[in-house]
């Protein structure tokens, strides 16, 4: 849990207590309004499950090109890691590379 972020809400006493618990666990807390909780969960799903789904799908595309799944996953791993790290450190737009960054529509759009 160290280094994780936690959304907290409640009255001032609850916020103080929750913040203290998170801090003791080595995490960071931030306040979120009740009406923003579903958006918070949607963002968490995008940052986690959607990334996992993309990493699951990419080797399938390579399999269609005749590359074994294990080989494809190994080949794509450095790209995925670097993209996530760069997206978080310099920003997602600045992290774009390859044909997307160059605007090479003939490479990106397969018909």
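Just a few scattered comments:
- Entirely in the stretch 1-84, the helices (runs of 4 or more DSSP H) that have 2 or more residues that are under 24 Å from residue 97 (Cβ atoms): 51-64
- Flag if residue 44 is within 21 Å of the chain's Cα centre (by Cα) and surrounded by 12 or more Cβ atoms within 10 Å (Cβ to Cβ): yes
All of the numbers you see were taken from the coordinates with simple rules; none came from a lab. Keep in mind that what you see is a predicted model, and the values were worked out from it rather than measured. All Cβ positions, even for glycine, are placed from backbone atoms using ideal geometry, and neighbour counts span all protein chains on display.
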